[in-house]
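A.B. asks: There's a structure below that I have some questions on.
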Amino acid sequence: MAKPAPSIQQELRAARRRSPLLLRAGFLIRRLHQLHSALFLEETRQFGITPVQYSLMTTLATRGEIDQNGVALEIGLERTSVAEVIPRLVERGLLDRRRSPQDRRAKLVKLTRQGASLVRQMSPAVARAHRRTIEQLDPAERDAFLLTLVRLVESTAEIESAPLRLR
């Protein structure tokens, strides 16, 4: 006779016995981020693009030309970090940047043809990295996990120190 599957509470108690860190959401999120970043870099090494750079470029591929502050809000990154990432991509010929004609203080950015091409070329490798990050879950668990992450991210989008603009 088959032994019944352990309950969620039993699995959590067993995890706690292995390490108290395994019941800390912050630790688990940081560790999963580390793992995903490693998988992303492994899958996309030949392109020389970081996950943050790819997020920025994907946003521009979707939204077109927008100002740097808008980019920061779209990807949930501090403006100063975006201001450091953009020049590297401009130097590589992947982005164009210009002053806004409406507000001379604002800088508009957009993908170049080369940048758009690179986003398309990277897409299969990036999809593999994302798949590998959660491949240990069965399909229903993957969907539930992603939905849980969406709910958490959307419910905290207004936190002032880490804003995220959602449409």
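The values are calculated or read from the model by the stated rules, or taken from the named source; none is laboratory data. The structure displayed is predicted, hence computed values, not measured ones. Cβ coordinates were reconstructed from backbone atoms using ideal geometry, including for glycine residues, and neighbour counts include every protein chain displayed.
A.B. asks: I'd like to check which helices (runs of 4 or more DSSP H) are fully inside the stretch 1-93 and have at least 2 residues that are under 16 Å from the mean Cα position of the chain (by Cα) and not acidic (D, E).
C.D. replies: Working: elements: 8-18, 25-44, 51-63, 68-75, 79-91.
Qualifying helices (runs of 4 or more DSSP H): 25-44, 51-63, 68-75, 79-91.
A.B. asks: Within the stretch 91-122, count every residue that is in contact with an Asp or Glu (Cβ under 7 Å, 6 or more places away or on another chain) and either farther than 12 Å from I66 by Cα or charged (D, E, K, R) (or both).
C.D. replies: Qualifying residue count, the stretch 91-122: 3.
A.B. asks: Could you check the stretch 84-95 and list, in sequence order, the residues that are exposed (fewer than 15 other Cβ atoms within 10 Å of the Cβ) and not basic (K, R)? Let's see the steps before the verdict.
C.D. replies: We begin by selecting, within the stretch 84-95, every residue exposed (fewer than 15 other Cβ atoms within 10 Å of the Cβ); these are 84, 87-88, 91, 93.
Across the stretch 84-95, the qualifying residues are E84, P87, E91, G93.
A.B. asks: Sticking with this one: Being more than 25 Å from E78 (Cα to Cα) and buried (at least 16 other Cβ atoms within 10 Å of the Cβ), is that true of even one residue in the stretch 6-26? Before you say what the answer is, go through the steps one by one.
C.D. replies: First, pick out the residues of the stretch 6-26 that are more than 25 Å from E78 (Cα to Cα): 6-24.
Those still in the list that are buried (at least 16 other Cβ atoms within 10 Å of the Cβ) too: none.
No, there is no match, as no residue in the stretch 6-26 is more than 25 Å from E78 (Cα to Cα) and buried (at least 16 other Cβ atoms within 10 Å of the Cβ).
A.B. asks: Across the stretch 52-108, what is the total count of residues that are in contact with a strand residue (DSSP E or B) (Cβ under 7 Å, 6 or more places away or on another chain), within 26 Å of L39 (Cα to Cα) and among the small types (G, A, S)?
C.D. replies: So the count comes out to 1.
A.B. asks: Please work out if R98 is loosely packed, with under 12 Cβ neighbours inside 10 Å, farther than 27 Å from L164 by Cα and either at pLDDT 90 or above or in contact with a Pro (Cβ under 6 Å, 6 or more places away or on another chain) (or both).
C.D. replies: Working: loosely packed, with under 12 Cβ neighbours inside 10 Å: yes; farther than 27 Å from L164 by Cα: no; either at pLDDT 90 or above or in contact with a Pro (Cβ under 6 Å, 6 or more places away or on another chain) (or both): yes.
Taking the combined requirement at face value, the residue does not satisfy it.
A.B. asks: Could you give every pair whose Cβ atoms fall below 9 Å, whose first residue belongs to the stretch 147-167 and is farther than 23 Å from I134 by Cα, and whose second residue is among the hydroxyl-bearing types (S, T, Y), counting only separations of at least 6 or pairs across chains?
C.D. replies: Here the result reads A162/T156; L164/T156, each pair linking the stretch 147-167 to a residue that is among the hydroxyl-bearing types (S, T, Y).
A.B. asks: Which of (1) closer than 25 Å to A162 by Cα; (2) under 18 Å from the mean Cα position of the chain (by Cα); (3) in a helix (DSSP H, G or I); (4) not β-branched (V, I, T) does A127 not meet, given it meets every other one?
C.D. replies: Unmet condition: (1).
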